[in-house]
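The block underneath contains the structure these notes are about, expressed in structure tokens.
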Amino acid sequence: MTRAFLAIPLPDDVIDALTRVQQGLPEGRAVAHDNLHLTLVFLGDVGAEALEDLHDTLSAVRAGPITLRIDGLDLFGGERPRSLWARVVAGPELGALQTRLESTARRAKIDVPRRRFVPHVTLARFRPGGGVSDGFHRYLVDRAGFALPAFDVHRFSLYTSTLYEDGPVYDVLAEYPLTG
Ligand code: ATP
Ligand code: MG
């Protein structure tokens, strides 16, 4: 079994800007520079056959280019945050692609968790159950207006994730163009 997910890789200048906004984070574990991405579908542990099936179908997807914008920071978990993330704003084509990929995964007999799609880039994760400091609130207030110019994406990728004590390592198994 392979732990896998589908995600959109981000342009270097967007990664750099997100890395800058991570600076000064008083607590939590910042997501490594190389790991910043926009998850479309978390696949979980997938067998080789299902992964092959999925790959064959995804290779035929040509959904068209997608324009994304990063606008604002938010938390999952509120006062006891699990993660800090940057909100991703897009037209209906992003949601349409996400829905299509999720159905494709289900048709490949992958048991995708049912969750509302909230387009985001995770920037940091926190210890479960722990609260946050005044310093963290200040960090958020200082970055309240954080936003980046719109950018186009032309592909999505199939990643594997290997979990280690000091954080996950992602590898790109395959890339799928949205155009062409
Ligand atoms: P760690 O779990 O060690 O904190 P991680 O969350 O980055 O690291 P994975 O758990 O392998 O690594 O997750 C890979 C990607 O899928 C991440 O973007 C993560 O936020 C997302 N993800 C993980 N589990 C789910 C889930 N149940 N539903 C939706 N997305 C998920
Ligand atoms: Mg995880």
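What follows is calculated from the coordinates using simple rules that are stated; it is not laboratory data. Model, not experiment: these values are computed from the prediction. Note that we place each Cβ from the backbone using ideal geometry, even for glycine, and neighbour counts take in every protein chain shown.
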Taking N as the number of residues in region 32-110, the ratio of its alpha carbon radius of gyration to 2.2 N^0.38 Å works out to 1.31
Taking placed amide H atoms and a strict 5 Å upper bound, the residues 5 or more places from ALA174 or on another chain that come that close are LEU158
Here FRET efficiency (C-beta to C-beta, ALA96 to ASP74, R₀ 25 Å, nearest 0.05) is 0.65
Assertion target for GLU79, GLU27, GLU175, ordered by fewest C-beta neighbours within 10 angstrom first, is GLU79, GLU175, GLU27
Honestly region 125-180 on the Cα gyration tensor test (a ≥ b ≥ c root eigenvalues; a/c under 1.5 rounded, otherwise a/b vs b/c for prolate or oblate) is just oblate
With a Förster distance of 30 angstrom and the Cβ-Cβ distance between ASP166 and ALA144, calculated FRET efficiency to the nearest 0.05 equals 0.45
Counting only backbone N atoms under 13 Å from a point 7 Å out along Cα-to-Cβ of ARG115, the residues of region 66-98 in range are 76-77, 82-85
So, over other residues within a Cβ distance under 11 Å of ALA86, counting Lys, Arg +1 and Asp, Glu -1, the net charge is +1
re the chain: pairs of Cα atoms spaced beyond 20 Å account for a percent value of 55 percent
Residue span ASP16 to ALA174: 0.36 nm per residue of separation minus Cα-Cα distance leaves a gain in nm of 54.5 nm
Row for region 75-125, column shape: gyration tensor on C-alpha, a ≥ b ≥ c, rounded if a/c < 1.5 i.e. under 1.5, prolate if a/b over b/c, else oblate; value oblate
